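*Asks:* Before I ask anything, here is the structure I am working with.
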Amino acid sequence: MKQYGPVELADLLPFPDPFCHKYSRGKLTLLVGSATYPGAASLAALASQRAGAGYTAVYTEGSIVHQVQSYQPSLVVRSWSDWDTQYVAASEPNRPCAYLVGSGFDDVDSYTAQLTRRLLKSADAPVLVDGGALNILSAKKIRDLTAQRYREGRTTIITPHMGEAARLAKIFNLKTQEPDEMALQLAQAYGVICVLKSHDTFISDGEDILAMREGTAALAKAGTGDVLAGIIGGLLAQGMGAVDACVLGTTLHARAGVFASDDLTEICVCAEDIIRYLPHAIKSLIKGKQEEQVGEITESFGPDVTGAWSL
């Protein structure tokens, strides 16, 4: 199993190539939000931009298009009906892309279910299923699609909290209540990578289980899950490997919560603050790598050179 120490995490950071353009930096398409939860669309979309995606396109319920657009002028925001008629682009080496569906879906209806089904069927690119769209996975036709995507080597990621995970487990009569084992069994049952959000976050690709234990109670606020989905989606859109994107995304999300708590207290942190402090989390990974490398050099050459290095 791959290890994720300070150096490995920092090396995953998607610094842009000097000769890049917005499409080579990756496009994330989001099918998200609803009249009831417009904030979920906004939070997920802005988080993906902060995570480095070069182009973020949001498709949402028609009545809230202008509301989401006004949240962040650099977002491209259209209605679901506009996406429903478009070609679903594949991810390519020089123009990587990914898709995020479900954050902020209100009680899933036949139309949003059809959007999710078409996306899973058509997208030759990573698809992250979050929020309300997780309820659609209970339908056999959708489960068959995730299984087919797995067989074809197409990545699907799900990001349930414990309540959503329990409902997904019930479909397959999975008995475990332990979050790490549940993440593994859900990944195997659905043919997905599972990011199970709990006090600790567990990531499984159906073979291995990774634990991310840097979280804080500050993240127990509405909207923070939408932010996490946007961060992971933004990393996927840049062509990052799926497990790497999940590990890096959850780590940055958790660390941003810690930095926000340090300034604002755990009482006051809101989902918007996680996005605001994301750059601090990224800088902490860079610093962690530098400190690790200095430690290795000091160990190699002996204690006499300790004072010769500065960060």
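*Asks:* How do the pairs read when you match residues in the range 254-272 that are within 18 Å of THR201 (Cα to Cα) with residues anywhere that are of a type in the set (S, T, N, Q) and open to solvent by less than 20 Å² (accessible area, probe 1.4 Å), using Cβ under 6 Å and keeping only pairs 6 or more apart or on different chains?
*Replies:* Once the first residue is within 18 Å of THR201 (Cα to Cα) and sits in the range 254-272, its partners that are of a type in the set (S, T, N, Q) and open to solvent by less than 20 Å² (accessible area, probe 1.4 Å) give ALA271/THR224.
*Asks:* If you don't mind, another one. Can you go through ALA169, ALA133 and tell me which one is open to solvent by less than 10 Å² (accessible area, probe 1.4 Å), of a type in the set (A, V, I, L, M) and within 18 Å of the chain's Cα centre (by Cα)?
*Replies:* Going through ALA169, ALA133 in turn, the sole match is ALA133.
*Asks:* Out of curiosity, is ASP124 at pLDDT 95 or above, on the phi < 0 side of the Ramachandran plot, in a loop (DSSP other than H, G, I, E, B) and of a type in the set (D, E, K, R)?
*Replies:* Yes: the conditions hold for ASP124.
*Asks:* Do any residues in the range 81-94 that are on the phi < 0 side of the Ramachandran plot and among the aliphatic types (A, V, I, L, M) have Cβ atoms under 6 Å from those of residues that are open to solvent by 50 Å² or more (accessible area, probe 1.4 Å) and assigned to a loop (DSSP other than H, G, I, E, B), where the two are at least six apart or on different chains, and which pairs are they?
*Replies:* That search, which allows pairs on different chains as well, returns ALA90/ASP124.
*Asks:* Consider VAL192 against the criteria (1) of a type in the set (A, V, I, L, M); (2) under 18 Å from THR251 (Cα atoms); (3) under 16 Å from the mean Cα position of the chain (by Cα): it satisfies all of them except one. Which criterion is unmet?
*Replies:* Looking at each condition in turn, VAL192 falls short on (2).
*Asks:* Now a separate question. Return yes or no: is VAL243 closer than 17 Å to GLU8 by Cα, among the hydrophobic types (A, V, I, L, M, F, W, C) and surrounded by fewer than 24 Cβ atoms within 10 Å (Cβ to Cβ)?
*Replies:* yes
*Asks:* Moving on. For the range 255-263, state whether one or more residues are in a helix (DSSP H, G or I), modelled with pLDDT of 95 or more, charged (D, E, K, R) and surrounded by 18 or more Cβ atoms within 10 Å (Cβ to Cβ).
*Replies:* yes
*Asks:* Let me ask you something else. For THR112, only one of the following conditions fails: (1) closer than 25 Å to VAL247 by Cα; (2) open to solvent by less than 50 Å² (accessible area, probe 1.4 Å). What is its number?
*Replies:* (1)
*Asks:* Please list, ordered by residue number, the helices (runs of 4 or more DSSP H) wholly in the range 12-114 having 2 or more residues that are modelled with pLDDT of 95 or more.
*Replies:* Ranges flagged: 38-50, 65-71.
*Asks:* Inside the range 128-152, can you point out the residues that are among the polar types (S, T, N, Q) and at pLDDT below 95?
*Replies:* ASN135, SER138
*Asks:* If I filter the range 145-154 for residues that are in a loop (DSSP other than H, G, I, E, B), touching an Asp or Glu at 6+ places or on another chain (Cβ under 8 Å) and open to solvent by less than 30 Å² (accessible area, probe 1.4 Å), do I get at least one hit?
*Replies:* no
*Asks:* Acidic (Asp, Glu) and closer than 25 Å to LEU248 by Cα - does that describe any residue in the range 14-23?
*Replies:* yes
*Asks:* It is to be established whether one or more residues within the range 173-190 are more than 19 Å from VAL101 (Cα to Cα), in a helix (DSSP H, G or I), in contact with a Leu (Cβ under 6 Å, 6 or more places away or on another chain) and in contact (Cβ under 8 Å) with a residue 24 or more places away in the chain.
*Replies:* yes
*Asks:* Give the range 1-11 a look and list any residue that's assigned to a helix (DSSP H, G or I) and farther than 13 Å from ASP244 by Cβ, or say none.
*Replies:* Listed by number, the residues that qualify are PRO6, VAL7.
*Asks:* Follow-up question, since we're still on this one. Out of ILE267, ILE274, ILE231, I need the residue that is farther than 26 Å from SER24 by Cβ, at pLDDT 95 or above and touching a His at 6+ places or on another chain (Cβ under 8 Å). Which one?
*Replies:* ILE274
*Asks:* How do the pairs read when you match residues in the range 36-57 that are closer than 16 Å to VAL76 by Cβ and among the β-branched types (Val, Ile, Thr) with residues anywhere that are open to solvent by less than 10 Å² (accessible area, probe 1.4 Å) and part of a helix (DSSP H, G or I), using Cβ under 8 Å and keeping only pairs 6 or more apart or on different chains?
*Replies:* Note: pairs meeting the criteria are THR56/ALA45; THR56/SER48; THR56/GLY234.
The values are calculated or read from the model by the stated rules, or taken from the named source; none is laboratory data. Predicted model only: the values in this text are computed from it and were never measured. Reconstructed Cβ throughout: ideal geometry from the backbone, glycine too, with neighbour counts over all protein chains shown. Note: accessible area is taken over every heavy atom of the protein model, side chains too, but ligands, DNA and RNA are not part of it. Shrake-Rupley method; radii C 1.70, N 1.55, O 1.52, S 1.80 Å.
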